[in-house]
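Taking it in order: structure first as structure tokens, then the write-up.
Please treat every number below as a calculation from the coordinates, not as lab data. Here the structure is a predicted model, which means the values were calculated and not measured. Every residue, glycine as well, gets a Cβ built from its backbone with ideal geometry; the counts of neighbours run over all protein chains shown.
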Amino acid sequence: MMKSGKLTFILGGARSGKSYYAERFAADFGGPVLYIATAEALDEEMKVRIQNHQAARPRHWFTLESPRNVGKAFLAWQAEKGPDAVGLVLLDCLTLLTNNLALGQPDDVEERALTDGLNAELDDILAAIAASRLHWLVVSNEVGLGLVPPYPLGRVYRDSLGRANQRLAAAADEVLFMVAGIPMKVK
């Protein structure tokens, strides 16, 4: 076992194969896996997506639904199950975690408020990784390659997630960028 946690950060655009790659990596890992899901079923389409993701996961994996407070939720889960309950954690995804925080803001959200909330989440996630002996896979969308969103909340969201991605990439042991299902090693 590792003495401290390891972080592999997996970035890519929508439908680039990020989650599929992370799930295959976790399945090939061979040991017990904790899947931390950040999605919320706020509409029928998202409810179906979540059900499809759940059905595709191996039955022996643990699942922790945590749309917010991921680091704290993981530490509580680990305290209940024990430090050796799993060997790998798959967090899917930082993109939806950021979305959940943004939707909790007022309509005239200021970038500082969202960034502060997201940084608090990252502090807790990075502390959980450091405190664990586990390999963590964290999935996120690279949102800076497209058009500038035409509305303020979209721009605040894109900028906040972009900064969060930079922070996780800097802290990561390994960074992969997914293009058309192919992982490209960045770090």
Among the listed pairs Lys18/Lys185; Lys6/Lys185; Lys6/Lys187, which have their C-alpha atoms separated by more than 19 angstrom in this model? none
When only Cα pairs under 8 Å and 6 or more residues apart are kept, what is the percent relative contact order across the chain? 39 percent
Along the Cα→Cβ direction, 7 angstrom out, place labels at Glu174 and Ala130. What is the inter-label distance in nm? 2.3 nm
Sorted by chain and then number, the residues having a modelled amide H within less than 5 Å of the amide H of Thr63, at least 5 places away or on another chain, are Tyr35
I need Tyr151, Tyr21, Tyr157 ordered by Cβ neighbour count within 10 Å, fewest first. Tyr151, Tyr21, Tyr157
Relative to the chain, whose Cα atoms define the longest principal axis, helix 111-131 and its Cα axis are tilted in degrees, nearest 10, by 10 degrees
Apply the Karplus curve 6.51 cos²θ - 1.76 cosθ + 1.60, θ = phi - 60°, to the phi angles in segment 133-148 and return the couplings in whole Hz, x for Gly and Pro. 9, 9, 8, 10, 10, 10, 9, 8, 7, 7, 9, x, 9, x, 6, 6
Below 15 angstrom from the Cβ of Ala26, what's the summed charge of the other residues (Lys, Arg +1; Asp, Glu -1)? +1
When a footprinting reagent is the concern and you count Cβ atoms within 10 Å, what order do Glu45, Glu174, Glu110 take, fewest first? Glu45, Glu110, Glu174
Would segment 124-187 count as rounded, prolate or oblate if I go by the C-alpha gyration tensor, calling it rounded below 1.5 in a/c and otherwise prolate when a/b exceeds b/c, oblate otherwise? oblate
From phi via Karplus (6.51, -1.76, 1.60), per-residue ³J(HN,Hα) for segment 64-77 in Hz, x at Gly/Pro: 10, 7, 8, x, 8, 6, 4, x, 5, 4, 4, 4, 5, 4
(i) 48, 44, 30; (ii) 46, 36, 33; (iii) 112, 48, 26: which one is Cα extents along the principal axes in Å as calculated from this entry? (ii)
Rounded to the nearest 20 debye, what is the charge dipole size of the chain about its Cα centre when +1 sits on each Lys and Arg Cβ and -1 on each Asp and Glu Cβ? 660 debye
Taking H as built 1.01 Å from N, whose amide H comes closer than 5 Å to the amide H of Ser132, not counting residues under 5 places away? Gly5
Positive end of the dipole of the chain, charges at C-beta (+1 Lys, Arg; -1 Asp, Glu), about the Cα centre: which of Leu96, Leu7, Ala76 has its Cα farthest in that direction? Leu7
